[in-house]
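To start, the structure under review is shown below, and the notes come after it.
The values are calculated or read from the model by the stated rules, or taken from the named source; none is laboratory data. Values in this document were obtained by computation on a predicted structure and should not be read as measured data. Note that we place each Cβ from the backbone using ideal geometry, even for glycine, and neighbour counts take in every protein chain shown. To get the accessible areas, we keep the full protein, side chains included, count just its heavy atoms, and leave off ligands, DNA and RNA. Shrake-Rupley method; radii C 1.70, N 1.55, O 1.52, S 1.80 Å.
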Amino acid sequence: MLNLVRTRTQPRSNRSMPLVAMDYADPKKKNNFVGKILMAAILTALCILMLKQSPDFNPPTSFSRHEPGVTHVLVTGGAGYIGSHAALRLLKDSYRVTIVDNLSRGNLGAVRILQELFPEPGRFQFIYADLGDAKVVHKIFSQNAFDAVMHFAAVAYVGESTLDPLKYYHNITSNTLTVLEAMATRGVPTLIYSSTCATYGEPEKMPITEETPQLPINPYGKAKKMAEEIILDFHKNSNMSVMILRYFNVIGSDPNGRLGEAPRPELREHGRISGACFDVARGIIPGLKVRGIDYKTADGTCIRDYIDVTDLVDAHVKALEKARPGKVGIYNVGTGRGRSVKEFVEACKTATGVPIKVDFLPRRPGDYAEVYSDPTKIRNELNWTAKYTDLQESLQIAWRWQKSHLNGYGLSVAVATS
């Protein structure tokens, strides 16, 4: 900087003095500087554009970061019957939910219902993916900040498992291993695992407690037991919270009529007895096939513990709430009361108001005579008790949904609720 204060010994001249030591910008240098900035901006824009076009590019979202006070739950198989009801309950309870499903057994219509009910950004997302693709599974976990996983995704028909056992070992056992590896890699702290009473096989004593030996007699139960063993072996050297829920025969649907059970037509033969009863009542099939009337039970038919889907998802939420780091909880989820197939059919006749024709056939391979739970442990430790225990009422609620959704999650029709 120039010092403009000077001592003068000569009088000021009237001649103007030229200014010195002042810098003037060189136009060429200025243009070069602006050009460099412009080029950098263009290159940055091109990089962003190329990233967005890349299949691996995912901008940060609410789902990709953890937020205080928000629990982000991955629901595998969340487009299926039980998984969709669980997702609905979680969303109602203000959880953030991501469903991953390949729709081989699930329904996109159920996903759309959830999207319509919870349209707010950051609440719910659906990812179409197959858990059998380990690379895709790990990518999903890398792009989402999950706090817990509810693992429902599985094929789940006893009869089908005896015809195609390899499908069951791959879909249940192998895919559970893939999910567990992804959880471990990304540090997801909590697993709620959907298991089954089929892991017990045909116990000598009733009711079934969590200490009853697991001796499964069909590939479905064996695959689930193997998955449980993988989880428990991993947990020995992990601080993960693990809850394993072994549940019994699921019936019913959302009491408010938003969701129901809509199995694929080709799977009706292997499906639940409630679905078969409704198919007869709707005239889709001519009669109900009851397999086995020579079991050592009071009326010769199998005895099962029927648990309403609303109670079942309530047990999952309570398990999530009670999960603690480094701890394992294993619970039976049932009503504690066994009902015979004949009792069930009579309740279904009353619920639908339709005389249901019954065809009695030989036993189905892999079935067992009597299975019902002792729910004492889950009542004492999770404060859970089945509330929807009126068999006829659960069937009436499910029948109402069936009548108003003749094409499953296709076009629905209005029906009277009486």
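For Kirkwood radius over Cα pairs in Å, which listed value, (1) 22.0; (2) 24.5; (3) 23.6, comes from the coordinates shown?
(2)
What net charge is computed for the residues neighbouring residue 361, neighbours being all others with C-beta under 10 Å from the C-beta of residue 361, Lys and Arg scored +1, Asp and Glu -1? It would help to have the intermediate numbers written out before the result.
On the way: positive: 289, 291, 363, 364; negative: 359.
Counting the neighbours of residue 361, the net charge comes to +3.
Expressed in nm to one decimal, what extension gain is obtained for the pair residue 299 and residue 130 from 0.36 nm per residue of sequence separation less their Cα-Cα distance? Can you show the working numbers first?
Working: separation 169, 0.36 × 169 = 60.84 nm, distance 4.30 nm.
The span from residue 299 to residue 130 would gain 56.5 nm if fully extended.
Taking the full set of protein chains and a 1.4 angstrom probe, give the accessible area of residue 321 in square angstrom, rounded to the nearest 10.
The value for residue 321 is about 100 Å².
Between residue 269 and residue 232, what is 0.36 nm times their sequence separation minus the Cα-Cα distance? Round to one decimal in nm.
Details: separation 37, 0.36 × 37 = 13.32 nm, distance 3.39 nm.
Result: 9.9 nm gained on full extension.
Counting only C-alpha contacts under 8 Å and six or more residues apart, can you give the relative contact order of the range 270-418 as a whole percent?
Numbers: 203 pairs, mean separation 46.9, N = 149.
Reported relative contact order: 31 percent.
Under the classification rounded if a/c is under 1.5, otherwise prolate if a/b is larger than b/c and oblate if not, where does the range 152-250 fall, given a ≥ b ≥ c as square roots of the Cα gyration tensor eigenvalues? List each step's numbers first, then the result.
Values: a/c = 2.26, a/b = 1.37, b/c = 1.64.
Taking the square roots of the gyration eigenvalues as a ≥ b ≥ c, the range 152-250 is oblate.
What accessible area per residue comes out for the chain, rounded to a whole number of Å², with a 1.4 Å probe? Write out the running numbers ahead of the final one.
Working: 22070 Å² over 418 residues.
Accessible area per residue: 53 Å².
Tell me, what is the percent relative contact order of the range 74-132, built from C-alpha pairs under 8 Å that lie six or more residues apart? Walk me through the numbers before you get to the answer.
Values: 91 pairs, mean separation 22.8, N = 59.
Reported relative contact order: 39 percent.
Whenever you get a sec, compute what percent of the accessible area on the chain sits on carbon and sulfur atoms (1.4 Å probe). Don't skip to the end; give the middle numbers.
Values: 11920 of 22070 Å².
In the chain, the share of accessible area belonging to carbon and sulfur is 54 percent.
Taking the Cβ-Cβ separation of residue 346 and residue 170 as r and a Förster radius of 41 Å, what is the calculated FRET efficiency to the nearest 0.05? Numbers along the way, then the final one.
Values: r = 39 Å, r/R0 = 0.95.
Rounded to the nearest 0.05, the efficiency is 0.60.
Subtract the Cα-Cα distance of residue 285 and residue 406 from 0.36 nm times their separation in residues, and report this length gain in nm to one decimal. Intermediate results must be reported in sequence, preceding the final value.
On the way: separation 121, 0.36 × 121 = 43.56 nm, distance 1.38 nm.
Using 0.36 nm per residue and subtracting the Cα-Cα distance, I get 42.2 nm.
Under 11 Å from the Cβ of residue 408, count the other residues' Cβ atoms, weight Lys and Arg +1, Asp and Glu -1, and hand me the total. Write down the numbers at each step before the final one.
Numbers: positive: 264; negative: 261.
Once positives and negatives cancel, what remains is 0.
About its Cα centre, how strong a charge dipole does the chain have in debye, to the nearest 20, once Lys and Arg get +1 and Asp and Glu get -1 at the Cβ? Intermediate values should be presented prior to the final figure.
Values: 51 positive and 42 negative charges, 482 e Å.
Charge dipole, the chain, about its Cα centre: 2320 debye, nearest 20.
Where in the chain are the DSSP H helices whose alpha-carbon span along the long axis reaches 15 Å or more and whose Kyte-Doolittle mean is at least 1.6? Don't jump to the answer; show the numbers that get you there.
On the way: long enough: 27-53 (39 Å, 0.69); 81-92 (17 Å, 0.45); 175-186 (17 Å, 0.31); 219-235 (24 Å, -0.45); 309-322 (20 Å, 0.11); 341-352 (16 Å, 0.09); 391-404 (20 Å, -0.85).
Membrane-span-like by this rule: not one helix.
Could you tally the net charge around residue 190, taking each other residue with its Cβ under 15 Å from the Cβ of residue 190, Lys/Arg +1 and Asp/Glu -1? Please list the in-between numbers first.
Values: positive: 96, 186, 318, 322, 324, 327; negative: 147, 321.
Result for the neighbourhood of residue 190: +4.
Which pairs break 24 Å Cα to Cα here: 349/377; 224/349; 225/377; 349/403; 224/296; 167/225? Mind showing how you got there, number by number?
Values: 349/377 34 Å; 224/349 33 Å; 225/377 20 Å; 349/403 15 Å; 224/296 27 Å; 167/225 15 Å.
In this structure, 349/377; 224/349; 224/296 lie more than 24 Å apart at Cα.
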